[in-house]
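A quick write-up on the structure given underneath.
The values are calculated or read from the model by the stated rules, or taken from the named source; none is laboratory data. Predicted model only: the values in this text are computed from it and were never measured. In this analysis, Cβ positions are derived from the backbone assuming ideal geometry, glycine residues included, and neighbour counts consider all displayed protein chains. Surface accessibility is based on the protein's heavy atoms, side chains included, excluding ligands, DNA and RNA. Shrake-Rupley method; radii C 1.70, N 1.55, O 1.52, S 1.80 Å.
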Amino acid sequence: GGEGTAPPPAEIVARGPASFLAFHKSLEESWKSQTVQMQGIGLKGLPNAVAELVKVTVLDLSHNEIEEISDRIGDMYNLREIDLTDNRITRISYAIGQLSAMTVLRLNQNQLNSLPFSIGNLPAMRTLELQENNLESPLKEIWPLGTEQVI
């Protein structure tokens, strides 16, 4: 099929064969597991090759150098869990509000000043982790009803 055809991001190629192989191995394994595990390989954003994997339910991009989550996150409509712990994220696209199946979003240890209001539209969301950020906007605005577990 035509899926998974996007090349790896430049920062992965630049880091050499180990990162390159880890990236491709994770893409291949995602076909069976519906999970993308790409921790600590130097990613600076959501790779197009990952955004194309629309069947994936768990996305773990923790411990990278990601600064922004682009609109392409909205393409991954089956996502239930996203782990973006320990990155450099300052901005998350409003498109994240399209992920209606999402139950867990981990954003600890980033550089977020605010969250997109669209996160408040996620009906299944149970766990939102936001420790060690620079959040100023009150979460009450986003969650008028509150969630079970905003950490």
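Filtered by the rule that a residue be assigned to a loop (DSSP other than H, G, I, E, B) and charged (D, E, K, R), the range 34-93 gives Lys44, Glu52, Lys55, Glu65, Glu67, Arg80, Asp86, Arg88. Suppose we keep only residues that are over 20 Å from Ser100 (Cβ atoms) and buried (at least 19 other Cβ atoms within 10 Å of the Cβ) within the range 49-84. Which one would you say is nearest to the chain's Cα centre (by Cα)? This residue is Leu61.
Across the range 18-32, the qualifying residues are those that are open to solvent by less than 100 Å² (accessible area, probe 1.4 Å) and without any contact (Cβ under 8 Å) to a residue 12 or more places away in the chain, and the one among them that is nearest to Leu59 (Cα to Cα) is Glu29. Taking residues in the range 111-126 that are within 10 Å of Leu99 (Cα to Cα), and partners anywhere that are open to solvent by 30 Å² or more (accessible area, probe 1.4 Å) and of a type in the set (A, V, I, L, M), the pairs with Cβ atoms closer than 7 Å and at least 6 places apart or on different chains are Ala124/Ala101. Of all residues in the range 99-121, those that are outside any loop (DSSP other than H, G, I, E, B) and either among the basic types (Lys, Arg) or modelled with pLDDT of 95 or more (or both) total 3.
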